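S.K.: I have a structure here, written as structure tokens, and I will follow up with some questions on it.
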Amino acid sequence: MEQAEHTQHNFWQLLVVSSLIFGMFFGSGNLIFPVHLGQMAGQHWFSAALGFAVSGSLFPLLAILAVVVTKSDGLYDLAKPVGRHYAAFFLVMVHLTIGPFFGTPRTAATAFQMAAEPFLPQRWTTVGQWLFTAGFFGLAYLIAIHQNSLIKWIGKYLNALFLALLAVIFVVAFCKPMGSLNHTPSVAYQSGATISGLLEGYNTIDAVALLALSVTFVHAVRALGYHDRELTKLTAKAGTLAIVVEVLVYFGLVLLGAFSLGELALSANGGVALSQIVGHYFSNLGTAFLGILVTLGVFTTALGLVTSFAQDFHKLFPKVSYLTWLRTTTIASFLVANVGLDNIIAWSLPVLMLLYPLSLALILVSLTVAKWAHAGLIYKLTIVFTAVPAVLDMLANSPAVVTNWAPIANLLRVYHTYVPFASLGLGWLVPTLAGFTLGIVWGHWRLVAERMTEDV
């Protein structure tokens, strides 16, 4: 009897932690990108969804496993083998970009646009946004003050409600689909739909987000009383379960978009598509329904982002308290969401193009060579070889004032012409593998040389 109760208790905690992880990183982009993908892919929806799942789900899963395998207590610990200064730089860049400079303000701005703006007279839009975002970040701050309460708020309540509302949409839509799946794909998906889907999933940037959020879900599992091997085991299981659920949700959303072509024209973006689909099934209530759904999705992400920012920065600068860092990120996010989000987005996206290859390179070495002799050498060479194309990808995605400057334009032309996959935004792939291989060979050579010296 006691064994059964213990097993049931552990299973319940697994579900709650899985819900926490899912809720923290599944935001508005994860909701709308797959719907638009389904519309663009048409009859090739399955191949496109498969590619999207690889980059949108497999990479984030590898990020979770990298944290688990290395037993890191956050992003700084994970990157420290490259060097303490690099680890600090990387942590600051990641958190500022997905935090108050881009990711966190966008959560509140998106929630306002979907849940409040449609019901406000135009003359009240500006005031309404200030009041809405103040309430949004004020509530996030009040919940995040108590770090251990996140597993209750996100894991037990908010994310469960979000998934329940999303399930309602799926049930209604799949019981009465808007059409067949025999629709002509857009040009990019007529051949190589899997690759196109993979590149679309690349835009979610979830691998970067989960590296940053790792400190929060590790602390949450520890607060449940798990330590060492038990903590590692539960985190790995919960992360895997969260990603499996995400894959199922992605396939459902892609199908939703593909079916919608029976009644709707190809939309400008996934937000428009999802609004039209929900409006088709729920009529006048659709706008309110979708507003609640999106707000729940982005609010749980905002909670994870502000908490992980404060936790990681307190660890890096321990003389400044967690609460001070929490106030800093919530106030900064509130201001950016209201006074400069468009410009911040324009300059933040290139930084994400820099951080994503560096994150994937860090995940690669963490999963494979973290415990090897001379692992530090392999880490360093892999990151150095990744950094050059990552910087070029950043420049390629910068505003026109940067890309139109003749020296940069010529450099990018050479880069896109001669480096494999560079024109697809994946120019870092071959250099990263080259640096990784060189690091292994060099490290092995040094190890052999050291043993020969010892024998002598």
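The values are calculated or read from the model by the stated rules, or taken from the named source; none is laboratory data. The structure presented is a predicted model; accordingly, all values stated were derived computationally and were not measured. For neighbour counting, all protein chains shown are included, and Cβ atoms are generated from backbone atoms with ideal geometry for every residue, glycine included.
S.K.: Given the options Ala396, Ala422, Ala390, Ala370, name the one that is touching a residue at least 60 places away in the same chain (Cβ under 8 Å) and either among the β-branched types (Val, Ile, Thr) or closer than 25 Å to Ala209 by Cα (or both).
M.R.: Only one candidate qualifies: Ala370.
S.K.: Separate question: Name the one entry in Asn343, Asn338, Asn397 that is at negative phi and over 22 Å from the mean Cα position of the chain (by Cα).
M.R.: Asn338
S.K.: Just give me the residues in the range 36-78 being of a type in the set (S, T, N, Q), within 17 Å of Pro357 (Cα to Cα) and at pLDDT 90 or above, in sequence order.
M.R.: Across the range 36-78, the qualifying residue is only Ser57.
S.K.: Considering each of Leu323, Leu358 in turn, give the residue that is surrounded by fewer than 21 Cβ atoms within 10 Å (Cβ to Cβ), under 27 Å from Ala310 (Cβ atoms) and touching a residue at least 24 places away in the same chain (Cβ under 8 Å).
M.R.: None of the others qualify; the one that does is Leu323.
S.K.: Kindly check whether there is at least one residue in the range 319-328 that is polar (S, T, N, Q) and either touching a Gly at 6+ places or on another chain (Cβ under 7 Å) or outside the structural domain of Glu200 (by TED's automatic domain parsing) (or both).
M.R.: no
S.K.: Are any residues in the range 430-448 within 27 Å of the chain's Cα centre (by Cα) and without any contact (Cβ under 8 Å) to a residue 24 or more places away in the chain, and if so, which ones?
M.R.: Val430, Leu433
S.K.: Report yes if Ser149 is among the polar types (S, T, N, Q), free of Cβ contacts under 8 Å to residues at least 60 places away in the same chain and farther than 18 Å from Gly291 by Cα, otherwise no.
M.R.: yes
S.K.: Pairs please, first residue from the range 127-140 and under 11 Å from Phe112 (Cα atoms), second anywhere and surrounded by fewer than 16 Cβ atoms within 10 Å (Cβ to Cβ), Cβ atoms under 6 Å, 6+ apart in sequence or on different chains.
M.R.: Gly128/Leu120
A quick yes/no check of all residues on (1) modelled with pLDDT under 95; (2) within 21 Å of Ala220 (Cβ to Cβ):
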{"site": "Ala265", "(1), (2)": "yes, no"}
{"site": "Leu274", "(1), (2)": "yes, no"}
{"site": "Gly279", "(1), (2)": "yes, no"}
{"site": "Ser283", "(1), (2)": "yes, no"}
{"site": "Phe299", "(1), (2)": "no, yes"}
{"site": "Val306", "(1), (2)": "no, yes"}
{"site": "Leu316", "(1), (2)": "yes, yes"}
{"site": "Val320", "(1), (2)": "no, no"}
{"site": "Thr330", "(1), (2)": "no, yes"}
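S.K.: Looking at this structure, is Tyr415 in contact (Cβ under 8 Å) with a residue 12 or more places away in the chain, outside the structural domain of Ala79 (by TED's automatic domain parsing) and crowded, with 21+ Cβ neighbours inside 10 Å?
M.R.: Answer is no for this residue.
S.K.: On the basis of being without any contact (Cβ under 8 Å) to a residue 12 or more places away in the chain and within 19 Å of Ala88 (Cβ to Cβ), does Phe317 make the cut?
M.R.: Yes; evaluated as a whole, the condition is true for this residue.
S.K.: Looking at (1) within 16 Å of Trp325 (Cβ to Cβ); (2) crowded, with 23+ Cβ neighbours inside 10 Å; (3) not small (Gly, Ala, Ser), which is the one condition that is false for Leu96?
M.R.: Among (1) within 16 Å of Trp325 (Cβ to Cβ); (2) crowded, with 23+ Cβ neighbours inside 10 Å; (3) not small (Gly, Ala, Ser), the lone unmet condition for Leu96 is (2).
S.K.: Given the options Leu31, Leu65, Leu37, name the one that is of a type in the set (A, V, I, L, M), in a helix (DSSP H, G or I), more than 30 Å from Leu266 (Cα to Cα) and touching a residue at least 24 places away in the same chain (Cβ under 8 Å). Working first, answer last.
M.R.: On the way: Leu31 fails: more than 30 Å from Leu266 (Cα to Cα); Leu37 fails: more than 30 Å from Leu266 (Cα to Cα).
Sole residue among the options that is of a type in the set (A, V, I, L, M), in a helix (DSSP H, G or I), more than 30 Å from Leu266 (Cα to Cα) and touching a residue at least 24 places away in the same chain (Cβ under 8 Å): Leu65.
S.K.: Answer yes or no: is there a residue in the range 204-225 that is part of a loop (DSSP other than H, G, I, E, B) and under 17 Å from the mean Cα position of the chain (by Cα).
M.R.: yes
S.K.: Another one. How many of the residues making up the range 21-48 are of a type in the set (A, V, I, L, M) and over 14 Å from the mean Cα position of the chain (by Cα)?
M.R.: At the first step, the residues of the range 21-48 found to be of a type in the set (A, V, I, L, M) are 21, 24, 31-32, 35, 37, 40-41, 48.
Those still in the list that are over 14 Å from the mean Cα position of the chain (by Cα) too: 35, 37, 40-41, 48.
Total meeting the criteria: 5.
S.K.: Of the residues that sit in the range 256-276 and are outside any helix (DSSP H, G or I) and of a type in the set (S, T, N, Q), which one is surrounded by the fewest Cβ atoms within 10 Å (Cβ to Cβ)?
M.R.: Ranking the candidates gives Asn269 first.
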